[in-house]
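J.: Here it is, the structure in full.
The values are calculated or read from the model by the stated rules, or taken from the named source; none is laboratory data. Just so we're clear, the structure is a prediction, and the values are computed from it rather than from any experiment. Here the Cβ positions follow ideal geometry from the backbone for every residue, glycine too, while neighbour counts run over all protein chains shown.
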Amino acid sequence: MLYKSYELQRSWLNSVSTVASLSAELLSNPSNPWSKTSIGAMTANAFDVLAHSTASYGKPAFGITEIDVEGTTYPVIEATVINRPFGDLKRFRLDGVDDDRPKMLIVAPMSGHYATLLRGTVERMLQKFEVYITDWADAKTVPMHEGSFDLDDYIDYLMEFLEYIEQLNPGQRPHMLAVCQPSVPAFAATALLNQHKSPAAPATLTMMGGPIDTRESPTTVNDHAMNRPIEWFRNSVIATVPMQYRGAGRKVYPGFMQLSAFMSMNLQNHMMSHYEMFKHLTTGDDASAQATKDFYDEYRAVCDMTAEFYLQTVEEVFQKHSIPNGTFRHKGEIVDLHQITQTALLAIEGERDDISGLGQTKAALKLADRLSDDKKRYYMAEGAGHYGIFNGSRWRTKVAPVVEEFVAAHS
């Protein structure tokens, strides 16, 4: 019933968006006398904001066509190099640049948003690296015959992707950068590859705002996960994909629920953002209004994750704290973090991160206790919130140079 109720609401809101959009066009049409009045223009702008805020959004495109590197503009070649039911491996490379650039695997979160949320991360890293990124599938589009997908499978995908990149470039170990939630499976995959002496073990692993040990500076998100038994999540937030989707019958944690949870955490800020958009439109600052629209086009484009992945993550990461306690298992095998001796680790946190508190990512450096200190580094981005550490001006000018310097030192 949960998913069906959402679909009914979505259909109704789409109708509202269509009517609002038509009304905005009508009121702003130069042939309409009202368009030349202040009240007509303000009403048109209000309808424009309403139309944008009630529209539904599909999967966005990366749309990265060119990158400027030290004053020279290069075309970007985007390709899907591995196709899997629950997620593809995409590659971005610059046309006309040598293939011997370091290889960087960016691990996007499977947390309700598409990998395109890291478009800014990819663009910045392309200045120094050949970039690969995990492009996770919307679980409601994956047919039931493709089976299940849990945290163990996520780790398998990462190890397969790293092995593929290393095999394409023998002797050149790849680098890995995990943003937020995937810091945990990326950390586990790194430990397993070190454990098995694999040549695909990454030369460096950068973890950004990841919940390695959520007992450190717990946030509202952490408290929500810890204060309820796993059965509450199973019974309250898991839904069945309806018949109109290819994944009909699959149990999922819907993306719309994740989005609602995140927006409710900062509802006042989101309301102010839309009010600011209205003011920008009213004053003729179309560029600022469009920037806000672009952000929400991406932010409100959501996808579902499989129930088994979501529940296992909640239980192992937020309730049992299996990683810091040393009890996390991958398909029955203990993930031994003490075996990380070859991969250099960089932990990055945002000073104002309200999703992964200070110290949660840094904990990884202490857990890898057999790794030499010269292969560890910690960086706190002053004034940065959760999204600021991988997108925006702080990411481009403050955080990314730290990543580049660290990778260069351990290539």
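J.: In the list ALA261, ALA291, which residue meets the criterion of being at pLDDT 70 or above and among the small types (Gly, Ala, Ser)?
T.: ALA291
J.: Here's a follow-up. Looking at GLY63, GLY71, which is the one that is within 19 Å of TYR114 (Cα to Cα), at pLDDT below 95 and exposed (fewer than 14 other Cβ atoms within 10 Å of the Cβ)?
T.: That would be GLY63, the only listed residue that is within 19 Å of TYR114 (Cα to Cα), at pLDDT below 95 and exposed (fewer than 14 other Cβ atoms within 10 Å of the Cβ).
J.: Could you pull out the residue among VAL107, VAL142 that is touching a residue at least 24 places away in the same chain (Cβ under 8 Å), buried (at least 20 other Cβ atoms within 10 Å of the Cβ), in contact with a strand residue (DSSP E or B) (Cβ under 9 Å, 6 or more places away or on another chain) and under 18 Å from ALA186 (Cα atoms)?
T.: Selected residue: VAL107, the only one of VAL107, VAL142 that is touching a residue at least 24 places away in the same chain (Cβ under 8 Å), buried (at least 20 other Cβ atoms within 10 Å of the Cβ), in contact with a strand residue (DSSP E or B) (Cβ under 9 Å, 6 or more places away or on another chain) and under 18 Å from ALA186 (Cα atoms).
J.: Within 16 Å of the chain's Cα centre (by Cα) and buried (at least 19 other Cβ atoms within 10 Å of the Cβ): is that true of ALA201 in this structure?
T.: Answer is no for this residue.
J.: Same structure, new question: Can you work out which of the residues in region 156-168 that are crowded, with 16+ Cβ neighbours inside 10 Å and either touching a strand residue (DSSP E or B) at 6+ places or on another chain (Cβ under 9 Å) or small (Gly, Ala, Ser) (or both) is nearest to LYS331 (Cα to Cα)?
T.: Going through the qualifying residues, I end up with ASP156.
J.: Find all pairs meeting these conditions: Cβ atoms under 6 angstrom apart; at least six residues apart or on different chains; first residue within region 335-355 and under 16 Å from ASN391 (Cβ atoms); second residue part of a helix (DSSP H, G or I).
T.: ILE348/ILE389; GLY350/GLY388; GLY350/ILE389; ILE355/VAL221
J.: Next question, about the same structure. Can you say whether GLU349 is of a type in the set (Asp, Glu) and assigned to a strand (DSSP E or B), as far as the supplied structure shows?
T.: Against the criterion (of a type in the set (Asp, Glu) and assigned to a strand (DSSP E or B)), GLU349 qualifies.
J.: Within region 93-121, restricting attention to residues that are part of a loop (DSSP other than H, G, I, E, B) and hydroxyl-bearing (Ser, Thr, Tyr), which residue is nearest to ALA291 (Cα to Cα)?
T.: Filtering region 93-121 for residues that are part of a loop (DSSP other than H, G, I, E, B) and hydroxyl-bearing (Ser, Thr, Tyr), the one nearest to ALA291 (Cα to Cα) comes out as TYR114.
J.: Residue pairs, Cβ under 9 Å, 6 or more apart or interchain, first in region 166-178 and in the same structural domain as ALA201 (by TED's automatic domain parsing) and without any contact (Cβ under 8 Å) to a residue 40 or more places away in the chain, second among the polar types (S, T, N, Q) and surrounded by fewer than 24 Cβ atoms within 10 Å (Cβ to Cβ). List them.
T.: Note: pairs meeting the criteria are GLU166/GLN172; GLU166/SER198; ARG173/GLN342; ARG173/THR343; ARG173/SER411.
J.: Could you check region 395-409 and list, in sequence order, the residues that are surrounded by 18 or more Cβ atoms within 10 Å (Cβ to Cβ) and either aromatic (Phe, Trp, Tyr) or touching a strand residue (DSSP E or B) at 6+ places or on another chain (Cβ under 6 Å) (or both)?
T.: Of everything in region 395-409, those that are surrounded by 18 or more Cβ atoms within 10 Å (Cβ to Cβ) and either aromatic (Phe, Trp, Tyr) or touching a strand residue (DSSP E or B) at 6+ places or on another chain (Cβ under 6 Å) (or both) turn out to be TRP395, VAL399, VAL403, PHE406, VAL407.
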